[in-house]
Amino acid sequence: IGEYGSLTGATATFGQSSHEGLELALEQINKSGGVLGKQIRVITEDDRSDANEAVTAVQKLVNSDDVLAVIGEVASKRSLAGGGVCEQYHCPMLSPSSTNPDVTVEGGKVKTYIFRICFTDTFQGRVDGKFGAGQGWKKIAMMTNVDEDYSKGLAKSFRAEYTKAGTIVDEESYGGDTQDFKAQLSRIKQANPDAVYISGYYNEVGLILPQAREIGLGVPFFGGDGWDSPLTLALPAAQGNFYSDHYSSEERRPEVQEFVKAFQDKYHKTPDAMAVLGYDAMRVMADAVKRAGKADRQAITDALAQTKDFPGASGTITIDTEHNARKPIVFLQVKDHKDTLYKIYPPE
Ligand code: PHE
């Protein structure tokens, strides 16, 4: 099996956490005999948080290493890039955590070889919009990274839902390389919103929140799963803020508690969402190979498509006709440098 991820670069905690989860699952699977009488070997490629590197990495895995299937990526832009290669060479790909709708369905057409074990941003944006309205925030400002498919897609879906109940008083955009957000934040302060929605990644949030404090913009900030990182939890300016996510380590479900314990025993820290999704992706993949009954790309593709009621640590996983999974969304609040469970939204 091939794995590609951002082990280094701008969003390195995404790739690292996902990889740690995957490794834990791999160890458990191989310890209990592997699949089809063999041990599974995973070949891991670092794409350095770069979409072009993701293409090169997946080409190597699919064409030189001759892997049976690919697991990756976390970030949607890189899953879209790597997914193009898998689709071209008829190699199944399973994304643990990319939520942009286009990853599996583009222009109304379901991609044959691409699957994911998470919900999409059509759902996440809707939940985030409902959450904002439900908090009593009547005026919201938005900040969108126009270089990321994830951020643009989530912003679109959020806007569509939130405007049913409230008013968007300012929309600011930025590029992926932005370091100084003061111009955007000053305009937001002028617009006087009740809260600010950032559909970006943790590395951007890590710059925006302290700068908002500096200019005296004291309203709550909230966002989507892209906020999830140990670095967000550590940030003083993030305390009290909210984001939607795939799971909470505080959930009582036995699958969660068993996973959290195994992860803590191995890595001595609490797993984030990428870790649990990397873990589940590896297990769903191994289960698909088992059900395929042979080491064959097409048979594994068919088995992935038929995944039903898989008891994942991140929730029950059924792959639907659009190659997505329907799962609940949790809202987390950053509190005392921890992600505390605030609210759960059931799947639609
Ligand atoms: N959903 C994000 C994307 O599609 C990636 C992500 C997943 C980030 C899970 C954090 C947690 O780009």
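Average projected area of the Cα convex hull of segment 259-348, in nm²?
On the way: hull surface 28.9 nm².
It is 7.2 nm².
Restricting to Cα pairs below 8 Å that are 6+ residues apart, what does the relative contact order work out to for the chain? Please round to a whole percent. Let's see the in-between values first.
Numbers: 762 pairs, mean separation 65.1, N = 348.
So the answer I get is 19 percent.
Calculate the dipole size of the chain relative to its Cα centre from +1 charges on Lys and Arg beta carbons and -1 charges on Asp and Glu beta carbons; express the result in debye to the nearest 20.
Details: 38 positive and 48 negative charges, 155 e Å.
Computed charge dipole of the chain: roughly 740 debye.
Starting from the 7 Å offset along Cα-to-Cβ, what nm value, one decimal, do you get for the label separation of V146 and T321?
It is 3.7 nm.
Just to be sure I understand: if I project the alpha-carbon convex hull of segment 1-129 onto a plane and average over all orientations, what area do I get in nm²? Walk me through the numbers on the way to the answer.
Details: hull surface 33.9 nm².
If you wrap the Cα atoms of segment 1-129 in a convex hull and average its projections, you get 8.5 nm².
Using Cβ contacts closer than 10 Å as the measure, can you line up Y202, Y279 from fewest to most? Could you put the intermediate results ahead of the total?
Numbers: Y202 24, Y279 28.
By the 10 Å Cβ count, ascending, the order reads Y202, Y279.
At 7 Å along the Cα-to-beta-carbon direction for both K269 and D66, put a label point, then send me their distance in nm to one decimal.
Here the answer is 3.8 nm between the modelled labels.
Based on Cβ point charges of +1 for Lys and Arg and -1 for Asp and Glu, what charge dipole magnitude is obtained for segment 81-186 about its Cα centre, in debye rounded to the nearest 20?
Working: 12 positive and 14 negative charges, 110 e Å.
Computed about the Cα centre, the dipole is about 520 debye.
Per DSSP H run of n ≥ 4, the term is -39500 (n - 2.57); total these for the chain, divide by its residue number, and report the mean residue ellipticity at 222 nm rounded to 500 deg cm²/dmol. Mind showing how you got there, number by number?
On the way: 11 runs with 141 residues, N = 348.
Value at 222 nm, helices only, nearest 500: -13000 deg cm²/dmol.
Any number yet on Rg/Rh for segment 115-213, C-alpha, Kirkwood?
0.96
Which one of I29, Q88, A54 is farthest out on the positive end of the charge dipole of segment 20-110, using unit charges on Cβ (Lys, Arg +1; Asp, Glu -1) and the Cα centre as origin?
I29
Only four residue types carry charge here, +1 at the Cβ of Lys and Arg and -1 at the Cβ of Asp and Glu. Report the dipole size of segment 192-348 about the Cα centre in Debye, rounded to the nearest 20.
On the way: 17 positive and 22 negative charges, 84 e Å.
My answer is approximately 400 debye.
Listing I114, I317 from the residue with the fewest other Cβ atoms within 10 Å to the one with the most, what is the order?
Values: I114 27, I317 23.
Arranged by neighbour count, lowest to highest, I114, I317 become I317, I114.
State whether segment 137-195 is rounded, prolate or oblate according to the following rule on the C-alpha gyration tensor (a ≥ b ≥ c being the square roots of its eigenvalues): a/c under 1.5 gives rounded; otherwise a/b larger than b/c gives prolate, and the remaining case gives oblate.
Values: a/c = 3.56, a/b = 1.17, b/c = 3.04.
Verdict is oblate for segment 137-195.
Be a star and scan segment 130-144 for residues whose amide nitrogen sits under 15 Å from the point 7 Å along the Cα-to-Cβ vector of T178.
Under 15 Å, as judged by backbone N against the label point of T178, lie 141-144 of segment 130-144.
Calculate the length of the line joining the C-alpha centroid of segment 69-110 to that of segment 202-259, in whole Å.
The distance from the Cα centre of segment 69-110 to that of segment 202-259 comes to 26 Å.
To the nearest 0.05, what FRET efficiency results for A165 and R41 with a Förster distance of 56 Å applied to their C-beta separation?
On the way: r = 51 Å, r/R0 = 0.91.
With R0 = 56 Å, the Cβ-Cβ based efficiency is 0.65.
Considering only Cα-Cα distances, which of the following residue pairs are longer than 20 Å: K138/K335; K31/K290; K31/K261? The partial results should precede the final answer.
Numbers: K138/K335 24 Å; K31/K290 15 Å; K31/K261 17 Å.
In this structure, K138/K335 exceed 20 Å between Cα atoms.
Please determine, in degrees from 0 to 90 and to the nearest 10, the orientation of helix 202-214 with respect to the longest principal axis defined by the Cα atoms of the chain, where the helix direction is its Cα long axis.
Long axis of 202-214 versus the principal axis of the chain: about 10 degrees.
If a/c stays under 1.5 just call it rounded; otherwise compare a/b with b/c (prolate if a/b is bigger, oblate if not). Do that for segment 54-172, with a ≥ b ≥ c from the square roots of the Cα gyration tensor eigenvalues. Numbers along the way, then the final one.
Working: a/c = 3.30, a/b = 2.68, b/c = 1.23.
Here segment 54-172 falls in the prolate category.
What percentages, rounded to whole numbers, describe P(r) for the chain computed over all alpha carbon pairs with 20 Å bin width beginning at zero?
33, 57, 10, 0
Which of K269/K338; K139/K164; K109/K294; K266/K294; K38/K294 have a Cα-Cα distance over 20 Å?
Numbers: K269/K338 12 Å; K139/K164 12 Å; K109/K294 28 Å; K266/K294 31 Å; K38/K294 11 Å.
From the list (K269/K338; K139/K164; K109/K294; K266/K294; K38/K294), the Cα-Cα distance tops 20 Å for K109/K294; K266/K294.
With everything on Cα atoms, drop me the angle between helix 149-162 and the longest principal axis of the chain, reported from 0 to 90° to the nearest 10.
50 degrees
Taking the chain as the reference, fit the longest principal axis to its C-alpha atoms, fit the long axis of helix 12-31 to the helix C-alpha atoms, and give the angle between the two in degrees, 0 to 90, nearest 10.
30 degrees
Put +1 on the Cβ of every Lys and Arg and -1 on every Asp and Glu Cβ in segment 136-277; which of G166, W227, F181 then has its Cα farthest towards the positive end of the dipole?
Result: G166.
Restricting to Cα pairs below 8 Å that are 6+ residues apart, what does the relative contact order work out to for segment 28-145? Please round to a whole percent. Can you show the working numbers first?
Values: 135 pairs, mean separation 19.9, N = 118.
Here the relative contact order equals 17 percent.
Given R₀ = 41 Å, what would the calculated FRET efficiency be for A10 paired with T112, taking r from the Cβ atoms and rounding to 0.05?
In this case the efficiency is close to 0.85.
Under a point spin-label approximation (7 Å from Cα along Cα-to-Cβ), what is the A191-H337 distance to one decimal in nm?
Distance between the two pseudo-spin positions: 3.4 nm.
Bear in mind that the values in this text are calculations on the coordinates, not laboratory data. Values in this document were obtained by computation on a predicted structure and should not be read as measured data. Here the Cβ is made from the backbone with ideal geometry for all residues, glycine too, and neighbour counts use every protein chain on show.
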